Amino acid sequence: MDKPFNFDEILCRKGTGAVKWDALDRQEGQDDVIPLWVADMDFPSPPDLVEALKNRAAHPVYGYTGASSAFYESLLSWYHQQYHLTLESNDLLIGPGTVPSLGIAIRALSAPGDGVLIFTPVYHPFFDMIRQNNRQVVEAPMDLNGRGRYGFRRETAEQALAAARERGLSVPLALFCSPHNPGGSVWEKAELEMLLDFAAERGITVISDEIHGDFVYPPKSFTSLAALGAYADRAVVISGANKSFNLGGLHVSHFVVRDENLKQSLKAGLKALAFHQGDIFSMIAAETAYRGGASWLAALKIYIRRNIEEAVRYLNAEVPGIRAYEPEGTYLIWADATELIARLGLEDDVEFTGGLEREGRVKLTPGSAFGSRGKGFVRINTACPRPQLLEGLRRIKDWQGRKKR
Ligand SMILES: Cc1ncc(COP(=O)(O)O)c(C=O)c1O
């Protein structure tokens, strides 16, 4: 039987350079904010992963190191075991972190000045990577249904492309977030096929960021764009072990790409920045995670799902004016705080989260970080020991209770 993992244990990360903990409000020397913001988990990685890193670190030569065949094999078997998806090593390219890989793909598959289509709200570095690489954001807003699920419509994407044409933009590329951050929607096969049909009709290559793909809860299941048969040739998947095994400080991702032209362009893009090699520790971490991490991840998902359920229940019952939705995937809760923000007489989600951090001592991500479509929302990261999460939620309740007059 598998050893049980203790996800309730609170590990102090202060002083380790952890962005999640170090970027917190510290007025008057107070150092007590609970961080429920950036998508980073407060859980230690699986024990055998930690052991593998220690073992490698014990060998004191850290020279240039390429990906081993064991690295590719562990990745291929992960796709096979988790998603019944048979890939070949030839379908894979190693990249740096997921976000840098998005930047590399943007540069390799579009030209400066081009438009890049995104479906919003969406993970904010999508905007940043497009703009910082001198491309233009072409935004197709998505709709939220009454159960907190986003949907994208062909007509909206068509309108976005028409508006881009009027601006004189050509749009060769779309970035897609699957599962969706911040909304936690897990896309159905039919939706993905619709997206790829739409893109193929217009000669658009779709880049699917699937970094949250391992965090999908039953009855939903994850479909990678790479699993869509013939469609897969028109898409590039970018993913990695980072979210699933909490390796944000180690930078490794991979591309799944079958089309030879796309592959050559990406290879050239990686080489242009000399990013085609990976680094020792991140490759060992990813390899170990993919080879032996399935039972750890399965246990973690059960734990996080309960965190999500408890948090959604608590927020909806105890914090009037918040409407929290249970995500189909990811460890993030997307909550509509519009009513609460209005009741407290605050301007918007940015003022709300700012006040909550300074006075309520809990940090959330403001929804408008994900584009104007996220205005009035907040994103809550539940990937931490439950006592920490519950304390954070209690502080939200207390703070808004103190503020309302
Ligand atoms: C959709 C998405 N892509 C990429 C990342 C970050 O990936 P990396 O740290 O590997 O660049 C995140 C982190 O939150 C994310 O949510």
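Which cross-chain or sequence-distant (5 or more) residues have an amide H under 5 Å from the amide H of G95, H modelled 1.01 Å from N in plane?
Distant-sequence amide H within range of G95: S253, H254, F255.
Check each of the chymotrypsin sites (Phe, Trp or Tyr not before Pro) in region 25-84 and keep only those in coil by DSSP with at most 11 other C-beta atoms within 10 angstrom; list them in order.
Taking region 25-84 and a limit of 11 other Cβ atoms within 10 Å, the loop chymotrypsin sites (Phe, Trp or Tyr not before Pro) found are Y62, Y64.
To make sure I understand the rule: partners must be lysines, Cα under 22 Å from the Cα of K14, and not fewer than 8 residues away in the same chain. Which ones qualify?
Partners found: K54, K243, K363.
Could you go through region 347-352 in sequence order and give the Karplus-derived ³J(HN,Hα) for each residue, using 6.51 cos²θ - 1.76 cosθ + 1.60 with θ = phi - 60°, rounded to whole Hz, and x for Gly and Pro?
Once rounded to whole Hz, the list reads 6, 6, 5, 6, 5, 4.
Can you tell me which aspartates and glutamates have their Cα less than 17 Å from the Cα of K375? Leave out same-chain residues fewer than eight positions away.
E139, D143, D336, E339, E347, D348, D349, E351
Assuming R0 = 30 Å, can you tell me the calculated FRET efficiency for the pair R167 and M194, based on Cβ-Cβ distance, to the nearest 0.05?
Result of the calculation: an efficiency of 0.75.
Within a 10 angstrom radius of the beta carbon, how do I280, I302, I204 rank from fewest other beta carbons to most?
Final ranking by Cβ density, sparse to dense: I302, I280, I204.
What order do you get for H59, H180, H124, H251 when you list them from fewest to most C-beta neighbours inside 10 Å?
Ranking H59, H180, H124, H251 by Cβ neighbours within 10 Å, fewest first, gives H59, H124, H251, H180.
Every read-out reported here was derived from the displayed coordinates using simple, explicitly stated rules and does not represent laboratory data. Since we're looking at a predicted model, the values are computed, not measured. For neighbour counting, all protein chains shown are included, and Cβ atoms are generated from backbone atoms with ideal geometry for every residue, glycine included.
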